[in-house]
Amino acid sequence: MNNIIFSDKQRFEKIISNIKKGWYENLHILSDFDKTLTKEFIDWEKRPSLISILRRQNILWEEYSKKAYDLFDYYNPIEINPNIDIEDKKIQMTIWWEKHLDLLVKSGLKKQDIDKAINSWIIKFRDGVKDFLSNMNDENVPIVIISANALGSDSNYLFLEQNWVNISNIKIISNSFIWDDNWNAIWYNKPVIHVFNKDETVLKSFPEIYDNIKSRKNVILLWDSLWDPGMIHWFEYDNLLKIWFLNDKVDELLEDYKKHYDVVIVWDWEFDFVNEIIKTIK
């Protein structure tokens, strides 16, 4: 199977042609983080998200890991159940994330704990992602990373910095903590961000980011979840290219992905295709 699959090649080429007319000046990128910019598999082994590293390695006290897994076991079936209404899911996911963030604070989360998770080197960028981020920085194209990461934007920024990525054009919308003078987490900021409320969060709660991209009406959307395309609904775009990464269960999910997205990149493939698209826009 080809790793690059088009839902409609002719439509894809038309979108690219329209985006080219606007040059880089009218473009911005919306992207997920885990399993989109990063690989899901390394040496055929499935890699965890940042928050999973914290749980698995018992970086916090052991009771945290037990309670975090209990929350996961209860709420994850709700998250993935296709028969539960999306509005009901939003409510339950908010409850889950608030409980989990509260648990992190009560478990004594420190900034150095996030450093330990990042420095484990368990997660890794896809091949070509650093070139992509560098090129977008050189061309002053804003990248907005929207992540439901429970460790928050601090962990995303730390990972970027660890990989020597220039972050001047990157804005991260994610959960975040309030720290005391000794970098102990004392509470978390609201709204809580989860996979089902990213559209509302961007529009209502981050006007400084919206102001930076609102005049850039061409959008390239990079994501991996079947639930995520709704996060662009709030934005009045001229041209939207939806590129999705289907890393696992390809035979089972591919047809559903093709219904929603312009391009599906399968089997945890590298970022070369995205980079080639970016080169044609200039």
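The values are calculated or read from the model by the stated rules, or taken from the named source; none is laboratory data. Since the model is a prediction, treat every value here as computed from it, not as a measurement. Reconstructed Cβ throughout: ideal geometry from the backbone, glycine too, with neighbour counts over all protein chains shown.
For the list (1) β-branched (Val, Ile, Thr); (2) closer than 27 Å to Ile213 by Cα; (3) exposed (fewer than 13 other Cβ atoms within 10 Å of the Cβ), I need the number of the one condition that Ile86 fails.
All conditions are met except number (2).
If we keep just the residues of region 136-147 that are more than 14 Å from Leu37 (Cβ to Cβ) and touching a residue at least 40 places away in the same chain (Cβ under 8 Å), which is surrounded by the fewest Cβ atoms within 10 Å (Cβ to Cβ)?
Among them, the one singled out is Asn140.
Restricting the search to region 168-185, which residues are more than 17 Å from the chain's Cα centre (by Cα), in a loop (DSSP other than H, G, I, E, B) and surrounded by 15 or more Cβ atoms within 10 Å (Cβ to Cβ)? Give the steps one after another, and end with the answer.
As a first pass, look at region 168-185 and keep what is more than 17 Å from the chain's Cα centre (by Cα): 168, 177-185.
Next cut, in a loop (DSSP other than H, G, I, E, B) only: 168, 180-183.
Within region 168-185, just Trp183 meets the criteria.
Considering only region 258-282, state which residues are assigned to a loop (DSSP other than H, G, I, E, B), among the aromatic types (Phe, Trp, Tyr) and out of contact with any Gly (no Cβ under 6 Å at 6 or more places or on another chain). It would help to see each step written out before you state the result.
Initially, region 258-282 is screened for residues assigned to a loop (DSSP other than H, G, I, E, B), giving 261-262, 267-271, 282.
Narrowing further to those that are among the aromatic types (Phe, Trp, Tyr): 261, 267, 269, 271.
Within region 258-282, Tyr261, Trp267, Trp269 qualify.
Within region 150-167, how many residues turn out to be in contact with a helix residue (DSSP H, G or I) (Cβ under 6 Å, 6 or more places away or on another chain) and part of a loop (DSSP other than H, G, I, E, B)?
The total comes to 5.
What are the residues in region 164-207 that are polar (S, T, N, Q), out of contact with any Ser or Thr (no Cβ under 8 Å at 6 or more places or on another chain) and over 23 Å from Arg55 (Cβ atoms), if any? Don't jump to the end; show me each part of the working.
As a first pass, look at region 164-207 and keep what is polar (S, T, N, Q): 166, 168-169, 174-176, 182, 184, 189, 197, 201, 205.
Next, from what is left, pick out any that are out of contact with any Ser or Thr (no Cβ under 8 Å at 6 or more places or on another chain): 168-169, 182, 184, 201, 205.
Those that are polar (S, T, N, Q), out of contact with any Ser or Thr (no Cβ under 8 Å at 6 or more places or on another chain) and over 23 Å from Arg55 (Cβ atoms): Ser168, Asn169, Asn182, Thr201, Ser205.
Which one of these is surrounded by 17 or more Cβ atoms within 10 Å (Cβ to Cβ), without any contact (Cβ under 8 Å) to a residue 40 or more places away in the chain and more than 29 Å from Glu139 (Cα to Cα): Tyr75, Tyr64, Tyr69? Don't jump to the end; show me each part of the working.
Values: Tyr64 fails: without any contact (Cβ under 8 Å) to a residue 40 or more places away in the chain; Tyr69 fails: surrounded by 17 or more Cβ atoms within 10 Å (Cβ to Cβ).
Checking each option against the conditions leaves just Tyr75.
Do you know which residues across region 125-149 are at pLDDT 90 or above and in a loop (DSSP other than H, G, I, E, B)?
Arg126, Asp127, Gly128, Glu139, Asn140, Val141, Pro142
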